[in-house]
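Here's the structure we're looking at; comments come further down.
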Amino acid sequence: MNRSIINQQSSLGTREPWIVTPPPCVLPPVTRYARIRAICAAALVLVPTLALAQDTTGVGAIAGRVLDPAGAPAAGVRICALDTAQCVTSAADGTFRISGLRAGAYRLEVLPLEGLPFVSDPVEVRAGLDGTVEVDLPKVEAIEQTVTVTAPAFTAPEEVKNSGFLVAPREVLKNAGALQDVSRYVQSLPGVVIGTNDFRNDIIVRGGSPLENLFVVDNIEIPNINSFANFASAGGTVSILDAELLQDVTFLTGGYPAPYINRTSSVLQVTQREGSRTGFGGWATLGFAGAGTILEGPINGGRGSWIVSARRSFLDLVTDDIGVGGVPVLYTLNAKAVYDLTPRDRVWMVNISGRDNIRLGYREGQEAEDGELSTLDIRYDGWRAATGVNWQRLFGSRGVGLLGVTHSEAKVGQRVKDLALEGLPPTGPADEAIAAAPTVYFEDSREGETTFKYDLTLNVPGLDKIQAGGSFKIFRIDYQAESPYGNDTPFSPVTGVDPFFLTTGFRAYQTGAYVQATRALTQRASVTAGLRVDDYDFLNETRVSPRLGATYRLGESLSWNASYGRYYQQPAFLFLAAFPENRGAVPWRADHYVTGLAWTPSPDLRATLEVYGKRYADYPVAATLPSVSLANIGDTFNVREILFPLASAGRGRAYGVELFVEKRLTSKLYGQGNLAFSRTRHAALDGVLRPGSFDYPFVFNLTGGYRVSPAWEISSRVALLGGRPYTPFDEAASAAGRRGVYDLSRVNAERGPMYARIDVRVDRTFTVGGQPLNVFLGVQNIANRKNFGGYLWNRRANALDVNEQQGLFPILGFDWRF
């Protein structure tokens, strides 16, 4: 580790929170005869080893080891976190761990067996992460004693063994392909693939569907963090979270521990940063999600803080059509307030909100090449909001508790008219054609969810860590939706299947509880075992989910890790309510098996190699369409097409191997690359295991950047994915019916060409008014490659057409502190 003296200002709390260059740790004399100077060596604030999951109680820890002047482990050294009651003594191998520390900066008081006590400069603690440091003791006889305390390199808590990634805020903000959207960034991580349309930001993990992801923001579970969302999907177009407010992002792709409520593919957990506790400030921003401002400031002289972000899209101010018959309009609001009631009690409140609307479809003068969208008129208006209050109580060295109360609410309104349902597509005035067209889908629905939850973490002698908790959810559902003409699905040669008229309102409940223990068996081996129980009131079903994980250190920089977990998930309420027989569905199950190696040769470099297996059972499948499984859909705005009678008769399996290498930013170069080979198979009601719709045989991602100077930075992303399966059309039947009809003997039997894309971006930082102004310019898909999205039947031309994904797309934006 670098132990040179760093004479720059600490970046903690600045716009580069993931590069730590600590200030000179010069302290006042502690006696007349010696003065103590702590030199904080530069190190990355991000995980150098196996990555990460934030503790559900919102606290972190400082862990590390103490070395004597000869570099040998120092036992019996007392180490205290000042301004707390937390003190520990280093073990025989020099290791120590101070747990139960809430996020912030703490000075360490070190009391060696010989020599004078000394105090370090502040060491940062992040919620749910272990900040790993080294304490080098000075020689006793030294006139000027020097202690080296390295800046923390954050590592996973003991209970997380595999398949976790900590994403730095600057990675989302600076990434050439992410559009400052956390969901789009994680699409470049191992095990994650895109869907059928890269205009969407769906997260599809290890053979799962976009429906299988859990979103948690500051201990608030949010059904969907994206704009232009619906109740039958977990994706959208862009996140309503402002990336400028991100503090920590944890992404888990398999084998995650018991505290996380059941989702069968992944967990995306976000901690937003606090506002300034020292003074008022703000930012102006411009990006893909719109223009906005961020304001922040202290509460009650620094006992708390607040921060607010408000954004609005702006394209509708310059045009009324971006080539799709309309223009999206988006508003978002993010807010967080934190207050310390006592040294042990902290409360915080968070709000995440978004509102959006768009019109898509037919415009006058459209020709056959304008495709299927030109035969429709789609109007969408929606909003979603989540508000939560959390109370965190520290129990000294014994542990911590976290009580949370959350309410989320969402509304979706949409109307779809089919201008070609009763004849040839229109060619005349748009207003007349739209007025005459029948409405094939209408929805005006709301979903509300209130959650009461409590999580407790205790440090118990002999077991190291015990975690327990529970939650109680109340769902308030109000659906008004209808599909009077049924569904002209290409999976059926018959038109108008499964029409429905849904007007219902009800309440449902879900209760969950878990317990988990983590213990270090030896200095090299640790094990975590947990169990959770979930009761699904609406389905009258209860499920028990075991979790198990183990880690064994093979050397100083190499470890073996393994985990197993069983996970359940209830189908979305809209699926269950659409048809009466769907109430007979049960939660589907996924069993995760993960093992691998993690190698960390230096704090800024790590590599992992993982092998995983995943087995699905009781997956919801179409009861009247034998080859259709919900596992193969969900990345769509077309809700009408995916609502049908269900049976819990599906099964599936996925397995693969993933190599991941990352180089964290130290001075100039940074980036990460991953290569995965996988196979996914799903079976619907007919029991035939077929390639899943998101079965990419190989995936390669390379993303990173280079800091040319403090003022200039360039970044790029390369994505290569093997051809995705698709079902070919029966062209004769499709032409006869003037609509797409699949060849059902070849479901997902064909593969499209490889997906390839290169994105680039350049950042330039200026100083305006004494504050940094960052301007960025980039191009997504710079080669303008026409990536294959699938085939569709063009009803206007009555011919096969190719659905191409996003072409060359310029990006421009800035952020400026004022």
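On inspection, Gly254 fails the criterion of being surrounded by fewer than 20 Cβ atoms within 10 Å (Cβ to Cβ), touching a strand residue (DSSP E or B) at 6+ places or on another chain (Cβ under 8 Å) and either assigned to a loop (DSSP other than H, G, I, E, B) or touching a residue at least 40 places away in the same chain (Cβ under 8 Å) (or both). Just so you know, in the range 573-624 the residues that are within 22 Å of the chain's Cα centre (by Cα) and among the basic types (Lys, Arg) include one that is farthest from Ala550 (Cα to Cα), and it is Arg589. Under the condition of being under 20 Å from Val338 (Cβ atoms) and open to solvent by less than 10 Å² (accessible area, probe 1.4 Å), the residues counted in the range 371-405 number 8.
Take Pro223 and decide whether it is surrounded by 23 or more Cβ atoms within 10 Å (Cβ to Cβ) and either of a type outside the set (Gly, Ala, Ser) or in a loop (DSSP other than H, G, I, E, B) (or both). It is false that Pro223 is surrounded by 23 or more Cβ atoms within 10 Å (Cβ to Cβ) and either of a type outside the set (Gly, Ala, Ser) or in a loop (DSSP other than H, G, I, E, B) (or both). Which fully enclosed strands (runs of 3 or more DSSP E) of the range 713-818 have 1 or more residues being among the basic types (Lys, Arg)? By residue number, 755-768, 809-817. The listed residues are Thr595, Thr636, and the only one of them that is open to solvent by 20 Å² or more (accessible area, probe 1.4 Å), under 21 Å from Gly486 (Cβ atoms), of a type in the set (Ser, Thr, Tyr) and out of contact with any helix residue (DSSP H, G or I) (no Cβ under 6 Å at 6 or more places or on another chain) turns out to be Thr636. Within the range 285-313, the set of residues being surrounded by fewer than 19 Cβ atoms within 10 Å (Cβ to Cβ) and touching a residue at least 60 places away in the same chain (Cβ under 8 Å) comprises Leu286, Phe288.
Output the residues belonging to the range 491-542 that are outside any loop (DSSP other than H, G, I, E, B) and of a type in the set (D, E, K, R).
Just the residues of the range 491-542 that are outside any loop (DSSP other than H, G, I, E, B), to begin with: 497, 500-520, 525-536, 541-542.
Arg507, Arg519, Arg532, Asp534, Asp535, Glu541, listed by residue number.
Within the range 494-535, work out how many residues are over 25 Å from the mean Cα position of the chain (by Cα) and farther than 26 Å from Asn561 by Cβ. Count: 17. Residues that are free of Cβ contacts under 8 Å to residues at least 60 places away in the same chain, of a type outside the set (Phe, Trp, Tyr) and either more than 18 Å from Asn219 (Cβ to Cβ) or not in a strand (DSSP E or B) (or both) within the range 328-360 comprise Val329, Leu333, Leu341, Thr342, Arg344, Arg355, Asn357, Arg359, Leu360, listed in sequence order. Restricting the range 476-528 to residues that are surrounded by fewer than 20 Cβ atoms within 10 Å (Cβ to Cβ) and aromatic (Phe, Trp, Tyr), the residue that is nearest to Ala410 (Cα to Cα) is Phe506. Among the residues making up the range 406-434, those that are in a strand (DSSP E or B) and within 18 Å of Asp488 (Cβ to Cβ) are Gln414, Arg415, Val416, Lys417, Asp418.
Is one or more of the residues making up the range 664-681 among the aromatic types (Phe, Trp, Tyr) and open to solvent by 20 Å² or more (accessible area, probe 1.4 Å)?
Yes: one or more hits.
With respect to (1) under 18 Å from Val193 (Cβ atoms); (2) open to solvent by 50 Å² or more (accessible area, probe 1.4 Å), the lone exception for Gly789 is condition (2).
Scanning the range 598-633 for residues that are of a type in the set (A, V, I, L, M, F, W, C), open to solvent by less than 30 Å² (accessible area, probe 1.4 Å) and more than 19 Å from Asn162 (Cβ to Cβ) turns up Ala617, Val621, Ala622, Leu625, Val628, Leu630, Ala631.
The values are calculated or read from the model by the stated rules, or taken from the named source; none is laboratory data. Only a predicted model underlies this, so the values are computations on that prediction, with no experimental measurement involved. No Cβ is skipped: glycine too gets one built from the backbone with ideal geometry, and neighbour counts run over all protein chains shown. To get the accessible areas, we keep the full protein, side chains included, count just its heavy atoms, and leave off ligands, DNA and RNA. Shrake-Rupley method; radii C 1.70, N 1.55, O 1.52, S 1.80 Å.
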